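Peer 1: Sharing a structure, written as structure tokens. Questions coming.
Read-outs: derived from the displayed coordinates by stated rules, not from any lab. Model, not experiment: these values are computed from the prediction. Methodologically, a virtual Cβ is constructed for each residue, glycine included, from the backbone with ideal geometry; neighbour enumeration extends over all protein chains shown.
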Amino acid sequence: SIMPATLSAISNGARQGILFKGGTHLEKLASLKVIALDKTGTLTNGKPEVTNLILREDMNQDYFLQMTCSIENLSNHPLAEAIVNYGKKNGVISFGEVEKMEDVIGFGLDATINGENWKVGKRSFVGEENAHLFFNEQTSQLLKEGKTLVYVTDATGIAGVLALQDTIRKETIDAIQSFKKQGIYTVMLTGDHEDTANAIQAMTDLDEYVANCLPEQKVHEIKRLNETYQMSAMVGDGINDAPALATAHVGIAMGGGTDAVIETSDVVLMKNDLTKITKAIQLSKRTNRIVK
Ligand code: ADP
Ligand code: MG
């Protein structure tokens, strides 16, 4: 049965926007040794904006945006939303008919329009040999700035590249500092490019990151951390984080996350505020002292 001290800590947490789904999760947080965090939507606001557009020489901007936005309009990925908004601001009024579309989670979109194959997504998805032609000083500089590059290909090859900038949440740096001060090892797990991940690490002072991380690799990384550290937590917001959240000792969902991730989690941060995790740890320590 649940102890009065635990019940009172749970309701105390709820008042502060920390939703514990049970007493055991609260109890575990006191001995947290490692915390893994997703990047987009967790460390960052998850509201990227297009900052640069680089086109192949023979590519017309209106046509490029028309095609790209018609495809991205069928996806609910944060990058897709940003690209569609950018298109609308730059003259796209209606969307073309997409005959076939496959959403390859963690990679991008594979579509057919007017019988032509178009792909929108990460470098490895559109083909390294294609991407290579567009990998120059400008694109590597954009990556160093922490921007995400989205490659678009038509039947000819790379038609263009979009750079998108997301912003670090205002609480992120304080939260990371606080974890580290408590001796908790911090790791970012992201599906994004190595250079983008590296830039985010430099901005946030995270101990470690794993880039190009597919959902199943996130699970693999959590298993590794579970073996090395006695108590792990994973924080995420997206459907691709749900399996990793379930694997961690304590799964923490951002309140603004998708339903699946909120359902899989043990703790929900109602206001998307990562510093509340420190509050939750304090509540846990206090409660354990009373209960034990
Ligand atoms: P994260 O782990 O950073 O939240 P995801 O696993 O959702 O990212 O996606 C990984 C990468 O796949 C993105 O950084 C992007 O390059 C590419 N990608 C996925 N979906 C899309 C899409 N709809 N449009 C463009 N790129 C995409
Ligand atoms: Mg995310």
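Peer 1: Can you work out D for the chain in µm² s⁻¹ from Stokes-Einstein, where Rh is the Kirkwood radius over C-alpha pairs, the temperature is 20 °C and the viscosity is 1.002 mPa s?
Peer 2: Here the translational diffusion coefficient equals 107 µm²/s.
Peer 1: Going by average Cβ density within 10 Å per residue, which order do the peptides 197-203, 149-155 take, highest to lowest?
Peer 2: Order by mean packing, descending: 149-155, 197-203.
Peer 1: Expressed as a fraction of 2.2 N^0.38 Å, the rule-of-thumb size for a compact globular protein of N residues, what is the C-alpha radius of gyration of the stretch 251-292?
Peer 2: Computed over Cα atoms of the stretch 251-292, the ratio equals 1.32.
Peer 1: Starting from the Cα-Cα distance between Ile54 and Leu214, subtract it from 0.36 nm times their residue separation and give me the gain in nm to one decimal.
Peer 2: 54.9 nm
Peer 1: Also: I'd like to compare 82-90, 247-255: which one has the highest average count of other Cβ atoms within 10 Å, and what's the full order after that?
Peer 2: 247-255, 82-90
Peer 1: Most exposed first by the Cβ proxy, i.e. fewest other Cβ within 10 Å, how do Arg169, Arg289 rank?
Peer 2: Neighbour counts put them in this order, fewest first: Arg289, Arg169.
Peer 1: Turning to a different aspect of this structure: To the nearest 10 degrees, how steeply does helix 4-15 sit against the main Cα axis of the chain, on a 0 to 90 scale?
Peer 2: 30 degrees
Peer 1: Moving on to the next point. Under the rule of -39500 (n - 2.57) per DSSP H run of 4 or more residues, summed and divided by the residues of the chain, what mean residue ellipticity at 222 nm is obtained, to the nearest 500 deg cm²/dmol?
Peer 2: Value at 222 nm, helices only, nearest 500: -12000 deg cm²/dmol.
Peer 1: What's the center-to-center distance, using Cα atoms, between the stretch 38-58 and the stretch 217-238 in Å?
Peer 2: Cα centroid of the stretch 38-58 versus Cα centroid of the stretch 217-238: 26 Å apart.
Peer 1: Where both residues lie in the chain, what percent of DSSP beta bridges are antiparallel, nearest 5?
Peer 2: 60 percent
Peer 1: Compute the acute angle (0 to 90°) between the alpha-carbon long axis of helix 61-72 and the principal axis of greatest extent of the alpha-carbon atoms of the chain; round to the nearest 10°.
Peer 2: 40 degrees
Peer 1: Which links in Lys122/Lys279; Lys47/Lys180; Lys88/Lys276; Lys21/Lys88 stretch past 30 Å when you go from one Cα to the other?
Peer 2: Lys122/Lys279; Lys88/Lys276; Lys21/Lys88
Peer 1: Roughly how compact is the stretch 49-165, stated as its Cα Rg over 2.2 N^0.38 Å to two decimals?
Peer 2: 0.96
Peer 1: Right, here's the next one. Remind me, relative contact order of the chain in percent, using alpha carbon pairs under 8 angstrom and six or more residues apart?
Peer 2: The value is 25 percent.
Peer 1: What does the charge count near Gly121 come to, summing +1 for each Lys or Arg and -1 for each Asp or Glu among other residues with Cβ under 14 Å from its Cβ?
Peer 2: Net charge around Gly121: -4.
Peer 1: Then there's this: Could you pull out the GluC sites (Glu not before Pro) across the stretch 80-168 that fall in loop regions by DSSP (anything but H, G, I, E, B) with no more than 11 other Cβ atoms inside 10 Å?
Peer 2: Passing sites in the stretch 80-168 are Glu97, Glu99.
Peer 1: A further question follows. Can you pull out the GluC sites (Glu not before Pro) in the stretch 1-79 whose DSSP state is coil and whose Cβ has at most 14 other Cβ atoms within 10 Å?
Peer 2: Glu57
Peer 1: Is any residue of the stretch 91-130 close enough, with backbone N under 17 Å, to a label point placed 7 angstrom from the Cα of Gln61 along the Cα-Cβ axis, and if so, which?
Peer 2: 91-93
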